[in-house]
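First comes the structure, then the notes that go with it.
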Amino acid sequence: TTAADGEKVAVWLQDRGEVTLKRLYREKDRIRLQPANSSMPPIYADPDNVSIQGRFISSIRPIG
């Protein structure tokens, strides 16, 4: 799966053994995974350690 910079993606982080949902940005020699919560720090990862599992398309929320 591929994704454009700024897209929300589900990413497998091999060294942490976890999946996370973040915005993906490709930087010079690393990947920045930016959380939606501005009080949380970004995750910086080696591209070889990141595997995109899927792109976030939408969420459905009840009205009312």
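Every number here is computed from the coordinates shown, using simple stated rules; none is lab data. A quick note: this is a predicted structure, and the numbers were derived from the prediction, not measured. Cβ coordinates were reconstructed from backbone atoms using ideal geometry, including for glycine residues, and neighbour counts include every protein chain displayed.
Of ILE43, ILE52, ILE31, the residue with the greatest mean-square motion in the GNM of the chain, using alpha carbon springs below 10 Å, is ILE43. Considering only TRP12, MET40, VAL50, and ranking their Cα positions along the charge dipole of the range 8-55 that arises from unit charges at the beta-carbon of Lys, Arg, Asp and Glu, the one farthest toward the positive end is MET40. If you plug the beta carbon distance of GLU18 and ILE57 into 1/(1 + (r/R0)^6) with R0 = 30 Å, you get a FRET efficiency near 0.90. When only alpha carbons of the chain are considered, Rg and Dmax amount to 12.5, 45 Å.
A simple count of charges around PRO35, restricted to other residues whose Cβ falls under 12 Å of its Cβ and scoring Lys, Arg +1 and Asp, Glu -1, yields +4.
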